[in-house]
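The values are calculated or read from the model by the stated rules, or taken from the named source; none is laboratory data. What you see is a predicted model, and the numbers here were worked out from it, not measured in a lab. Here the Cβ positions follow ideal geometry from the backbone for every residue, glycine too, while neighbour counts run over all protein chains shown. Calculation scope for accessible area: heavy atoms of the full protein, side chains included, ligands and nucleic acids excluded. Shrake-Rupley method; radii C 1.70, N 1.55, O 1.52, S 1.80 Å.
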Amino acid sequence: MRDNQGLKMNSYEHTMITRQDLSETQAKELLSKYEALIKTNSGEILKIEEWGLRNLSHQIKNNKKGFYFHIKFNGIGKTIFELEKIENIDDSL
């Protein structure tokens, strides 16, 4: 599969875990933010699954639970680079 610029797109699966204290509205806004980020950077969303609140296997930043979101998408290297760059500075994840 190729994007509109002729670059080869790969398929990716990406799981995000948000803080357990986010409201449902905040979680939806965060998900929308990352959907837009993927689309803006030559990505194409195939499927989004909300796995809900789950226990973490170990504590992360004093959290024992988190909301899980699983995204399947097609993208190029730039898509992944931008996604990881923004996630590294997002305190909600």
Those lysines that a straight Cα-Cα span of less than 25 Å connects to Lys47, excepting residues fewer than 8 apart in one chain: Lys8, Lys28, Lys33, Lys39, Lys65, Lys72, Lys78, Lys85
The base-10 log of I(q)/I(0) that the Debye equation returns for the chain at q = 0.10, 0.13 Å⁻¹, one scatterer per C-alpha, is -0.28, -0.46
With +1 on the Cβ of every Lys and Arg and -1 on the Cβ of every Asp and Glu, the dipole magnitude of the chain about its Cα centre, in debye rounded to the nearest 20, is 180
Could you identify which residue out of Glu50, Glu35, Glu24 has the top mean-square fluctuation in a GNM of the chain using Cα springs shorter than 10 Å? Glu24
With springs connecting C-alpha atoms under 10 Å apart, model the chain as a Gaussian network and identify which of Gly75, Gly43, Gly52 has the largest mean-square fluctuation. Gly52
Whole-number accessible area per residue in Å² for the chain, which is evaluated in the context of all protein chains at 1.4 Å: 66
Comparing Ser32, Ser57, Ser42, which has the greatest mean-square fluctuation in the GNM of the chain with Cα pairs linked when under 10 Å apart? Ser57
In sequence order, what are the phi-derived ³J(HN,Hα) couplings for the range 46-55 according to the Karplus relation 6.51 cos²θ - 1.76 cosθ + 1.60 with θ = phi - 60°, rounded to whole Hz, with x for glycine and proline? 9, 7, 10, 10, 9, 8, x, 7, 9, 6
Met9 long-range amide H proximity, modeled H, under 5 Å: Arg2, Asp3
Based solely on its DSSP helices, what 222 nm [θ] is calculated for the chain when runs of n ≥ 4 H residues each add -39,500 (n - 2.57) and the sum is averaged over all residues, nearest 500 deg cm²/dmol? -10500 deg cm²/dmol
Enter the angle in degrees (range 0 to 90, nearest 10) between the Cα long axis of helix 77-89 and the first principal axis of the Cα atoms of the chain, meaning the one along which they spread out most. 20
